[in-house]
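The values are calculated or read from the model by the stated rules, or taken from the named source; none is laboratory data. Predicted model, so just to flag it, every value in this text is computed and none were measured. Positions of Cβ are backbone-derived with ideal geometry, glycine not excepted, and every protein chain shown enters the neighbour counts.
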Amino acid sequence: MTTAVSIEPHEPHEPRAGVRTDSHGLPHGVPHVGCVRISVDDAAGAPIALSLLYPTDAAPAPVRFGPYTLEVALNAAVREGRYPLVMISHGTRSSPMVFRSLAQFLAGQGFIVGLLEHPFDCVANASQQYSYENLVNRPRQIDLAIDGALAVPGIGAAIRPEQISLIGHSVGAYAVLAAAGAAPDTSAFVEFCHAPENLATPDWTALVRQRGMPSGPVALAPRWRHRIAALVLLAPDLSMYRHPGALDQLSAALLVMVAEHDLWAQESLDLLKAGAPPALAVEARMIANAGHYSFISQFPEAIRGHVGDAGRDPQGFDRAAFLATLERDVLAFLRAHALASPA
């Protein structure tokens, strides 16, 4: 399969020779993070914007990504070595840049990290939010983003294709589960949205009814599912996986963090404990006092007052402290499970 990508032109930086590696084959002392922004063609939809963050020896500088700023070496060469790949899928009507802190942290620890924007379910265009089309498109877009990363000159050759991990928040967690081989079905979700007691709240049930979401299995054919070694699910939307056998085909290790104040929080943990294959490595935990958006990077002061609930946390919850712990926990999990896969 040939994947078309367009890449911003850049001046190459020469990597340092003689890089020492650790027991996982990752370089010691990754000094800086590089970034390249590409567009991946999707024959069935709109182009996918993808930012790749990776280890580099080039000096960083502040780079603006809309309202966000990252200290990265734009279009620099990848530091000598080969690295595991992580793709991050954002939540509904959101932006990949809300996971910029986690992405930059992992890249600085020796991962190549992809931040993809899901067309038609992002800040710029949410016309497929809560639609069946979105349920089909998101997992396919993850596949295409992986293809796109592997096709980037100088970066693709540095990726270890047997060491791929996926991170998803909210409906992004739905998407990464589907991309890894889970079998979503809308039946229970559609029934909930049409129940008389749910016609007014939650408010998103009206949008599901307006979109005319059908009831039944979601038709998917994920291509990278056998290469996915680990999944991280943050405040996951598991509403499409409430039926028996939904998770039977998963082979990727799972780290699941559920927000205490989320809808169906305990049910989500119970579902994973009961539904995951017995041989699967599963770490599932409830994050005390967390809200749905407590997992995303803090917003710049200039826009914090304009992003609504996404910029607020339950009283007493320290998002900055939690995110530092989250980064360490995700790193430890990926090192324990994703890096155990063959290189």
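Number of residues in the stretch 314-343 that are β-branched (Val, Ile, Thr) and touching a strand residue (DSSP E or B) at 6+ places or on another chain (Cβ under 7 Å): the value is 1. With respect to being under 30 Å from Phe111 (Cα atoms), at pLDDT 95 or above and assigned to a loop (DSSP other than H, G, I, E, B), Pro153 fits the description. On the stretch given as the stretch 96-118, residues that are in contact with an Asp or Glu (Cβ under 7 Å, 6 or more places away or on another chain) and either not in a helix (DSSP H, G or I) or not aromatic (Phe, Trp, Tyr) (or both) total 2.
Yes/no per residue for (1) surrounded by 24 or more Cβ atoms within 10 Å (Cβ to Cβ); (2) without any contact (Cβ under 8 Å) to a residue 12 or more places away in the chain; (3) among the β-branched types (Val, Ile, Thr); (4) at positive phi:
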position	(1), (2), (3), (4)
Gly81	no, no, no, yes
Ser89	yes, no, no, no
Arg93	no, no, no, yes
Met97	no, no, no, no
Leu102	yes, no, no, no
Leu115	yes, no, no, no
Cys122	no, no, no, no
Ser131	no, no, no, no
Arg138	yes, no, no, no
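Taking the stretch 145-185 as the range and being out of contact with any strand residue (DSSP E or B) (no Cβ under 8 Å at 6 or more places or on another chain) and either within 19 Å of Ile112 (Cβ to Cβ) or surrounded by fewer than 24 Cβ atoms within 10 Å (Cβ to Cβ) (or both) as the test, the residues that pass are Gly154, Gly156, Ala157.
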